[in-house]
Every structure is written in structure tokens, then in C-alpha cells.
Ligand SMILES: Cc1cc2nc3c(=O)[nH]c(=O)nc-3n(C[C@H](O)[C@H](O)[C@H](O)COP(=O)(O)OP(=O)(O)OC[C@H]3O[C@@H](n4cnc5c(N)ncnc54)[C@H](O)[C@@H]3O)c2cc1C
């Protein structure tokens, strides 16, 4: 029997779901959220947050290699202790996920622990792990069930020492060697992390390039940097299966040159992610529309079933937490009686390698094809005082400027790129022109000066580098 009725019910408490719950509650709705596994979803438990905690540790270790240059003389080589690092990561995750629970309470959102199943009459059944169940109804439903790692159908993927991004966070020790299958963002970030922790890393990528959506020049520089650190990257490499050989994993690959294999202690599968449709079975029976495995939505984030919205990794989009959250806000606003559209025009993309990469808008290749009149310029970190002072001069900022002085794209590889990209994103969203950025006083010494200098370089009058050298120095 149905006991309670809500204005809005949300299935899944990742960055899409919990943000939409807060947003709907703050608009006066009576809100319930159902979570089957962990508050904060993939992002807080096995994604963004643990990966950044571990990458922070890895980068700190990496930076110690040049400590002597700063006058910091280590008495002995640093010793990395995996269990302590994992404990630090766990503390971070616990704090963040606990924060989500507190936010639910503070916003009067009712939390149901268990697997939520939704039917077309908007009845939600919650199956708890102890076997008990409950049921409630809602006027509007927001589906936010996220995604899970895609495990390619090939021999050996379920073997020992074969991990994915859900299962690689609690290793007892640093792997001696690792083959990472997949050179997308997740694969590259994890490869960068394991390499810095002391693992011999090989990345196998099926496509001709790793990090396919990244600007080619940025990608090329990162590949060079990772290569110098000892990471082997093999492209055009199709993994066919994994076997055991001599106490190691043997990854069989077909390449243009023929069949080859790579041996390592561990294999990390990081090929892609697929939508998690647990609990949506009855909606599919009722005709919930999908497109290549993801739930189809309109620009209001509403599915083809009226009053049922879908957001985040469950739908086609960027596969990014901040996009899931924005979609969640749009769905919540619409579910509580307004009518707003989701805009994908300006999406900042962060990549947490060291150096970091961040980009927004179009790449140089797209600009050359579609906007032949665009001005494209780079400015190197070597000419920025703050970057020199902190010893992080590798990389550059590239801007792509349209004929009205608008920013069509911006690409940063270098220190704190993932924070810096927000300035360009804001400029693009606010339709600012290069003049407005150039006229904005940037504090000194900061890395943000590099963003203004890139704009000045595109205008033909950079301050801290001779104009004609700007492009060359960046390469
Ligand atoms: C290793 C890694 C690193 C990443 N790093 C970044 C990054 O740096 N920046 C970034 O923007 N993105 C990053 N991402 C991507 C980011 O984690 C996702 O885009 C984001 O988590 C999607 O949010 P979501 O709310 O749609 O889904 P999820 O976070 O996947 O949450 C969905 C939730 O729904 C729950 N659920 C599913 N079905 C049901 C059901 N039937 N009943 C109840 N609960 C259910 C799940 O348990 C889960 O908690 C990373 C991902 C990975 C794997």
C-alpha cells in the first residue's frame, strides 16, 4: 500500500541526483531521494574525489624529485606507503559523502537506502539490502542512476588482478607494472597517478590517438611529457583478451603490425562507461525512450514519459559531474513548475594529469575547418612570473578568437589549468569579447596573467614575449 506522497522523487544520489534534490527542496518541494549504494555516487566514492585525492598524493611524490632544486634536501629517498595513502583517500571520501547526507538533512530531503524501482504511475518501490521494502508515490520523478564501467566482452576480463575504475582504489601495494586498456581521460589520469607512485605503465589505445577530444597540440605535449616519465603509449592497439602467464597478466593485442602481447602484474580496464539502468526496467516496458543505451531527454531534461526526467551519466552528454549537477538543477526547476532549458554551449573540461589540461569550446582543428577567419594564438608559461616562481613552466594557453572578438575555444596545459579555465568559460557564457578580458586588471603575480597574455598575443601585442615568438615559444 502506498504510504507517502512526494512532489519530487529522485533515483540515485550522485552529483546529478543530490544536487537536483537540494534544488527541488529549495524551491519548496517535498523531496525524496533513493540511493542503493553510496551517497555522492560514482563521483564522490570511486570517481572525481578519490581519484583527485590519489592524484594529489602522486603529484606530491613526483614533486619531491625536484625538492633539492628548491633547497629541500631529503635525508633519504621518500618511501610511498599505499595503505596510508588509501587511508587518506578514504578520509576524504568519508568527509565528502557525509557532507552530502548532512545537506540532505539540512534541506529536509527524505533519504531512502535501497534499490529504487520506478513504474509509469510514478510509484517508487525501495528494496533494502535487509530484504525489507517500502513504497511511495511522487508527482515528478528524476532518474539519476548514473553509469558504471563498461567491461569489454573479451576473454580474461573477470580474472584476478584485472581492475576497473570502481575497483582500483584499495590496492595493498603499488603495482610493479600495469597495462591500462584505454587512453581516454580516466585511463590517462590513472596512468599518470600509477606512474608517479612507481608503477611501470603501458597504455593501450584502440584509436590513433589518446585523449581524442583534446586539442591535438595539447595532447601531443602531454604525450611527450608522459613519455619522458617512462609511460609507454601504444595506439591503434586493439586488445583481444587477457591471459595468465608466469604469474603475470598477458594482454593480447592486435596492431597494424600484427599480434603482440604486453605483460604486467595488473590490468586496468578503462575503455568507457555505460548507463546504469537498474530500477528502470518497468519504465522501459512502458516505453521509456533510449538512444544507444542512454535515456533520451529533451532540452528540459524530460523523457518521453511526462513528468519523468533523466539527468547525468544516464543520458547522453559530457560524462562530467558538473554537467550532471547542472542538468539536475534544470530538471529540478522544471519539476517544480518552471520551464528552463539545458544549455551545453559552454562546458569546461578538466583533466587532472600533471601538468593539468583544461579546455572549453572548439579545438584548433575545428576552428581551421569551420572558422578560417579565427585568430589562434598561444602563450607559454615560461613567460609568466608565477609559473616560473613555482617551477611549473611546461605548457601554454591557447585561445581561438572569432571575428567579433568572441572566444570560440580555449585550451590550457599547465599549472592549475582546471581552475583557470573558469575565466574563459565565464567570458564565453557572458559573451565577453577579448577587449573586456584585456581591459580587466589581473593580479600579479598569478597564473591568471597567462590567460590575459594569451588574449593579448592573439591581438598581436603580448607584453611579456615578443609577438612573433609567442607561437614558436609555446611549442
Ligand atoms: C575515475 C573517475 C574519475 C572521474 N573524474 C571526474 C572529474 O574529475 N570531473 C568530473 O566532472 N567528472 C569526473 N568523473 C565522472 C563523474 O564521476 C560522473 O560524470 C558523475 O559521477 C555522474 O553523476 P551522476 O549523478 O549522473 O551518476 P553517478 O555519480 O554514477 O551516481 C548515480 C547513483 O545512482 C545510484 N543508483 C543507480 N541505480 C539506482 C537505483 N535503481 N536505486 C537507487 N540508487 C541507484 C548509484 O548507486 C549511484 O550512487 C569521473 C569518473 C570516474 C569513474
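May I ask you to list the residues in region 22-36 that are more than 7 Å from the ligand (Cβ to nearest atom) and either in a helix (DSSP H, G or I) or closer than 25 Å to residue 164 by Cα (or both)? Passing the criteria: 22, 23, 24, 25, 26.
Yes/no per residue for (1) away from the ligand (no atom under 11 Å from the Cβ); (2) touching a residue at least 60 places away in the same chain (Cβ under 8 Å); (3) within 30 Å of residue 119 (Cα to Cα); (4) assigned to a loop (DSSP other than H, G, I, E, B):
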site	(1), (2), (3), (4)
13	no, yes, yes, yes
16	no, yes, yes, no
20	no, yes, yes, no
38	no, no, yes, yes
54	no, yes, no, no
62	yes, yes, no, no
75	yes, no, no, yes
89	yes, yes, no, no
94	yes, no, no, no
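The residues listed here are 438, 417; of these, the one that is within 23 Å of residue 346 (Cβ to Cβ), in the same structural domain as residue 365 (by TED's automatic domain parsing) and buried (at least 22 other Cβ atoms within 10 Å of the Cβ) is 417. One residue stands out in region 384-403 among those that are farther than 17 Å from residue 460 by Cβ and without any contact (Cβ under 8 Å) to a residue 60 or more places away in the chain: the one that is surrounded by the most Cβ atoms within 10 Å (Cβ to Cβ), namely 392. Counting the residues of region 265-318 that are more than 10 Å from the ligand (Cβ to nearest atom) and part of a loop (DSSP other than H, G, I, E, B) gives 21.
Look at residue 280 and say whether it is surrounded by 16 or more Cβ atoms within 10 Å (Cβ to Cβ) and outside the structural domain of residue 122 (by TED's automatic domain parsing). Answer is no for this residue.
Within the set 137, 167, the sole residue that is under 30 Å from residue 239 (Cα atoms), more than 9 Å from the ligand (Cβ to nearest atom) and either in contact with a helix residue (DSSP H, G or I) (Cβ under 8 Å, 6 or more places away or on another chain) or at pLDDT 95 or above (or both) turns out to be 167.
Look at (1) within 16 Å of the ligand (Cβ to nearest atom); (2) assigned to a strand (DSSP E or B); (3) buried (at least 17 other Cβ atoms within 10 Å of the Cβ) and you find that residue 211 fails only one, number (2).
Kindly indicate which of 198, 230, 241, 187 is within 16 Å of the ligand (Cβ to nearest atom), modelled with pLDDT of 95 or more and in the same structural domain as residue 176 (by TED's automatic domain parsing). Result of the check over 198, 230, 241, 187: 187. One residue alone among 145, 42, 117 is near the ligand (Cβ under 10 Å from one of its atoms), part of a loop (DSSP other than H, G, I, E, B), surrounded by 17 or more Cβ atoms within 10 Å (Cβ to Cβ) and at pLDDT 95 or above, and that residue is 145. Whether a residue is assigned to a strand (DSSP E or B), assigned by TED's automatic domain parsing to the domain that holds residue 327 and in contact (Cβ under 8 Å) with a residue 40 or more places away in the chain was assessed, and residue 8 passes this test.
Looking at region 319-358, which of its residues are under 25 Å from residue 448 (Cα atoms), in a loop (DSSP other than H, G, I, E, B) and within 8 Å of the ligand (Cβ to nearest atom)? Selection gives 320, 352.
Residue-level check: of (1) away from the ligand (no atom under 16 Å from the Cβ); (2) under 30 Å from residue 7 (Cβ atoms); (3) in contact with a helix residue (DSSP H, G or I) (Cβ under 9 Å, 6 or more places away or on another chain), residue 102 misses just (3).
Taken over region 105-114, the criterion of being in contact with a helix residue (DSSP H, G or I) (Cβ under 8 Å, 6 or more places away or on another chain) and within 12 Å of the ligand (Cβ to nearest atom) is satisfied by 111 alone.
Among the residues making up region 460-469, a single one is crowded, with 16+ Cβ neighbours inside 10 Å and under 16 Å from residue 401 (Cα atoms): 462.
The values are calculated or read from the model by the stated rules, or taken from the named source; none is laboratory data. Since the model is a prediction, treat every value here as computed from it, not as a measurement. Neighbour counts are summed over all protein chains in view; Cβ atoms, including those assigned to glycine, are modelled from backbone coordinates with ideal geometry.
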